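Okay, structure first, notes after.
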Amino acid sequence: MKISIISDFHFGFGSGTERENDPFESAEEAFEKALDSDIILIAGDIFDTRSPGTETLTKAMELFIKPLITSSETRLVKGINKNIEKVLPMGLSGIPMVAIHGTHERRVKGFLNPVEALERAGFIIYLHCNGAVFQKGEEKVCIQGMSGVPDQYSETVLKNWNPRPFPGCFNIFMLHQSVSPFLKVAPHTIDINKLPGGFNLYICGHIHKPEHSVYSNAPFLIPGSLVPTQLTKEATQPVGFWQIETNPLKIDFIELENQRRFYYEELENPTTENIENKIKTILEKQHKKKPLIRINISGKTAAPLNEIKTKFENKAMIFFKKEPDKKEHSEKTKTLEEHKLSVQELGKKLLEKNLKELKLDPGTFENIFELLLEKKHDEALEFLKKNMEKEQKESSKKHREETEGKEPGRFLGN
């Protein structure tokens, strides 16, 4: 079978800016190039937020229709811990699309996430700690997927699920997590060696740089993001998706051709002329869309950066970052634009800090924050109250056990 592997569309990214259509245009080209596939796999972060707006959802569904109306001989024949009878006929009418949710779409347990909503509407087949078997002719392919979970729980979730290759199939394991050694800056990562062995192919979303590696004697593929959400040096490489043929195994990277180009430059003590010449050199190249240009400036400069941005704003989107000392450049000095650190994310960090001071479970802040985002204030307060009561009971129990186990004289300091 021919299988296309796409990830991290981030529909909704750049909303209200010049870049708001970029995620949809990238996905449209990717789907167009994947229409010769027997199965399309989507490794998470279809949407940029857990509650996408109506316009974003509508545009996404319009894109997902095309594979569903494309003729395909692939059939869904079995579910692994998944009731395939609940999959709507529309989702099986053309090229099957199998998806997991990512970190951007994760919601509190009990609340519908947007990827689940796409399955209920008949657009995709959604996986989370389960799987599905597809057949074309005599060949069978089994896909098992683990959607994005908080990084600190990923190894526990994986261990409890304990997936294994399914007999008689080409077996694919797909997840959306921070996996080391590919992502080193995350506070929690899952060691690649903790992944289950014996699969014929491994796929990981979440990481935005495409990679082709090996694990358990099988290909380990990272599709990368279809749109640069963080303007880092790694984001300058071409975007696209992986396409494989199972028998015999063949792997190709399909590059997107019509997307916005991104350039990353570093200048030390530049003059106005230095900066403008660098921009002009970039603009001499052919561009189908207005390019993104990120210029990191180290040392000192008297150049009027805002005036330069305005001068070229009809030809390029320019971002400046001043770095006085390269030695000081670290994760702490990255700009809000570089992290795309929203007000919501800042609030989440503050809430996490405050709840940790209350010595609550590390996952509590995730649930409370998501409830607050949903404007479910009463539920958030009730959740917090229950967790605090639980913590107090466990603390009292532990204190009693320690007290009952002590010798009488020890209370007197003996």
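So which GluC sites (Glu not before Pro) in region 127-212 end up in coil per DSSP with only 15 or fewer other C-beta atoms within 10 Å?
Details: sites: 138, 139, 155, 211; in loops: 138.
Filter output for region 127-212: 138.
When a footprinting reagent is the concern and you count Cβ atoms within 10 Å, what order do 203, 318, 125 take, fewest first?
On the way: 203 27, 318 21, 125 24.
Ranked by crowding around the Cβ, least crowded first: 318, 125, 203.
Looking at region 14-170, what % of its DSSP beta bridges pair antiparallel, to the nearest 5? Walk me through the numbers before you get to the answer.
Numbers: 12 of 18 bridges.
Among the beta bridges of region 14-170, antiparallel pairing accounts for roughly 65 percent.
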- If the label point sits 7 Å along Cα→Cβ of residue 90, residues of region 43-80 with amide N under 12 Å come out as 58, 61-66, 68-69
- Pop a pseudo-label 7 angstrom from the Cα along the beta-carbon direction at both residue 285 and residue 311 and give the gap in nm to one decimal. 2.1
- Length released on extending from residue 250 to residue 55, taking residue separation times 0.36 nm less the Cα-Cα span: 66.4 nm
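How do 82-93, 285-296, 236-247 rank on mean C-beta neighbours within 10 Å, highest first?
Values: 82-93: 13.9, 285-296: 16.2, 236-247: 18.5.
Ranking the peptides 82-93, 285-296, 236-247 by packing returns 236-247, 285-296, 82-93.
Here, each number is a calculation from the coordinates, and none is a lab measurement. Please read these numbers as outputs of a predicted model, since none were measured by experiment. Here Cβ is always computed from backbone atoms with ideal geometry, including for glycine, and neighbour counts include all displayed protein chains.
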